Amino acid sequence: MIKRKILIDGEEVDSESGKTFEVINPATQEPFEEVPECGESEVRRAVESAKRAVKEWAKIPVVKKVELFEKVRAILDERAEKHAQLTTRECGKTVREARVEALFTSGHWKIMAAEMQRLRGKTYPNNYEESNNLRIFTTREPIGVVGVIGPWNWPFDIPTLASAAAIAAGNAVVLKPSSNTPGCGIEIAKVIRDAGGFPKGILNVVTGPGGTVGNALVTHPDVGAIHFTGSTKVGEKVARSGGVKKFILELGDAGPMIVLEDANIDAAIKANMFGTFHQCGENCTSTQRVIIHEKVHDEYVDKLISEVRKIRVGDPLKEETDMGPVISEEQAKNIDFHIKDALDKGAGLLIGGKRENLFYEPTVLDNVTQDMVIAKEEVFGPVVAILKFRNKDEAVEIANSTIYGLQGALFTSNLRDAYIISEKMKFGSVIVNDTTNHWDQLSPFGGVKGSGIGRECGHFGIEEFTDIKRTVINLANVR
Ligand code: NAD
């Protein structure tokens, strides 16, 4: 059993109560880590430490901060394999997938080191005053203490993406990792501590099961911004209980992929395979719904099934495994429910539909209709629903018919349709002729509607963690 400690003010400590909780490896269903169960008092101490760190961080010149970010990146690269193995044991993604995550994780520090050097304000003309004595300009100031609440499906990448951007903008962070993957959150804090040179409380980690620790962070009056990644349901709760503070909410989706009659079917299948089955379908950007023209439906489905048959489900630590277990029994039951509901309402099961413990078979449901839960709500598992359409307006209507709007894809060989349909799709990103699982660390990522508020990555990411201050100087009114 690995015994973990949280990090507050640069020190590894236990919870004040001495209470712990266990982390279960979803592949073996064995507990393998014991983690401090924190409460409000640890959150208060972490916030106090972060407040001190904000002041210290402001004294360090940018050129030195860039060097520190580079150190963090180098340590992350050194520890990439160790981190990948831990990721797999905590959340069940395959070790090959976890290695890609490790690469993204170190990349955020590189990108934010660059963005930090480009963070700047603007000057504005003055509109009314005739004597031309007013000078107006904006600066971007740190918010102060930022609370980062992470999910389990990208347990290194997402907390890092948020923390690197927040710290680059001049803030300090209190991180609450998912209780499924607390070890990953703790390891991030250790890397920053080991880099040396950061103020002690620049990134504190507090852990605990359920919503207690997260809620204490969200409602703390000195936490100026919350970066929350998780389900739409919990995200809404967080926004309601936090009151007036800045929220960056990265929430769920039920990603659609529209396939028009003139689409490159082989390319669409490849995009679908990665979109639905990468990380066992546990991506916010997964392809959950394929909305396909009735004339190409049969060819598409035949080709898709022959690809799905090739997926090797098994031990996620083995190199040859393509798909590991889902995260928990609760999540597996949610998938069971979606499949049963669809089958009860007349969908066809083309392949899969069963599970052994938490190992779900890759599943394809055909003839899915809008009255089925899977057509509307996030399944978050290795399941794709096929819905047929006859005309393009109908396809767009189906794609837009959920509460979500994170990423949607469209396959067509017609330039006009690519423009017109992507304009009509109500999503934070539309990807034409590629997968919904498209991420790029330099361009904006985030959702509309129930998929969230705010944008991550590149200059959008760092700017989210700043307040814009307008300064007005009157050059006349001096002695
Ligand atoms: P979740 O909503 O169950 O939990 C997210 C985090 O919130 C966890 O750390 C949890 O402990 C914490 N939490 C729970 N109750 C809370 C409360 N009352 N106050 C504050 N915090 C609380 O989500 P999850 O199961 O960890 O992650 C899966 C979900 O995340 C999916 O819906 C997925 O689509 C979404 N997700 C979105 C993105 C994105 O960028 N849009 C990325 C990854 C995952």
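The values are calculated or read from the model by the stated rules, or taken from the named source; none is laboratory data. These numbers were taken from a predicted model, which means no experiment stands behind them. Counting neighbours? That spans all protein chains shown, and the Cβs are built from the backbone with ideal geometry, glycine included. All accessible areas refer to the heavy atoms of the entire protein, side chains included, with ligands and DNA or RNA removed. Shrake-Rupley method; radii C 1.70, N 1.55, O 1.52, S 1.80 Å.
Using the heavy atoms of the protein chains alone and a 1.4 angstrom probe, what is the accessible area of the chain per residue in square angstrom?
43 Å²
Figure the gain on full extension for Val244 and Gln370 (residue separation times 0.36 nm, minus the Cα-Cα span) and round it to one decimal in nm.
41.7 nm
Considering only DSSP beta bridges whose two residues both sit in the chain, what percent are antiparallel, to the nearest 5?
The antiparallel proportion sits near 40 percent.
Which pairs break 20 Å Cα to Cα here: Lys110/Lys449; Lys190/Lys245; Lys51/Lys246; Lys65/Lys200; Lys176/Lys200?
Beyond 20 Å: Lys110/Lys449; Lys190/Lys245.
Grab the alpha carbons of the chain, take their convex hull, and tell me the volume per residue in Å³.
So the per-residue Cα hull volume is 159 Å³.
From the phi angles alone, apply the Karplus equation (6.51, -1.76, 1.60; θ = phi - 60°) to region 120-128 and give each ³J(HN,Hα) in whole Hz, x where the residue is Gly or Pro.
8, x, 9, 10, 10, x, 9, 8, 10
If each residue of separation counts as 0.36 nm, what is the full-extension length gain between Glu319 and Glu11 once their alpha-carbon separation is subtracted?
Roughly 107.3 nm would be gained on extension.
Can you tell me the dipole magnitude for region 274-313 around its Cα centre, using point charges on the Cβ only (Lys, Arg +1; Asp, Glu -1), in Debye to the nearest 20?
160 debye
Under the rule a/c < 1.5 gives rounded, and otherwise a/b versus b/c splits prolate from oblate, where does region 271-322 land using the Cα gyration tensor?
Oblate, since a/c reaches 1.5 and b/c is not below a/b.
Excluding same-chain residues fewer than 8 positions from Lys424, which aspartates and glutamates have a Cα within less than 14 Å of its Cα?
Output for Lys424: Asp393, Glu394, Glu397.
How far, in degrees from 0 to 90, does helix 80-91 lean away from the longest principal axis of the Cα atoms of the chain, to the nearest 10?
60 degrees
Go ahead and collect, in residue order, the members of region 252-268 whose backbone nitrogen is under 11 Å from a label point 7 Å along the Cα-Cβ direction of Glu397.
Answer for region 252-268: none.
Using only alpha carbon pairs under 8 Å that are at least six residues apart, calculate the relative contact order of region 1-60 and give it in whole percent.
It comes to 34 percent, rounded to a whole number.
Let me make sure I get this right: for region 317-365, a, b and c are the square roots of the gyration tensor eigenvalues over alpha carbons, sorted descending. Under 1.5 in a/c it's rounded, otherwise prolate if a/b > b/c, else oblate. Which is it?
Judged from the Cα gyration tensor, region 317-365 comes out oblate (a/c at least 1.5, b/c at or above a/b).
Given a 1.4 Å probe and every protein chain left where it sits, what share in percent of the accessible area of region 330-479 is carbon and sulfur?
Exposed carbon and sulfur together represent 51 percent of the surface.
Which of rounded, prolate, oblate describes region 399-443, given a ≥ b ≥ c as roots of the alpha-carbon gyration tensor eigenvalues and a/c under 1.5 marking rounded, otherwise prolate only if a/b is larger than b/c?
Taking the square roots of the gyration eigenvalues as a ≥ b ≥ c, region 399-443 is oblate.
So who's got an amide H within less than 5 Å of the one on Cys38, skipping anything under 5 residues away but keeping other chains? H placed 1.01 Å off N, in plane.
When sequence neighbours closer than 5 places are left aside, the close amide H contacts are Thr207, Gly208.
Which one of Thr138, Asn180, Phe359 is farthest out on the positive end of the charge dipole of the chain, using unit charges on Cβ (Lys, Arg +1; Asp, Glu -1) and the Cα centre as origin?
Thr138
Tell me, in nm to one decimal, what length is gained between Val478 and Tyr124 on full extension, where the rule is 0.36 nm per residue of separation less the Cα-Cα distance?
Between Val478 and Tyr124, full extension yields 125.3 nm more.
Can you give the angle from 0 to 90° between the axis of helix 329-344 and the longest principal axis of the chain, with both taken from C-alpha atoms, to the nearest 10?
Long axis of 329-344 versus the principal axis of the chain: about 40 degrees.
Antiparallel DSSP bridges in region 107-229: what percent, to the nearest 5?
15 percent
Would you mind checking the tilt of helix 415-424 against the longest principal axis of the Cα atoms of the chain, expressed as 0 to 90 degrees and rounded to 10?
60 degrees
Could you look at region 174-244 and say what percent of its accessible area is carbon and sulfur, using a 1.4 Å probe and all protein chains?
53 percent
Give the carbon-plus-sulfur fraction of the accessible surface of region 1-51 in %, rounded to a whole number; probe 1.4 Å, heavy atoms of protein chains only.
43 percent
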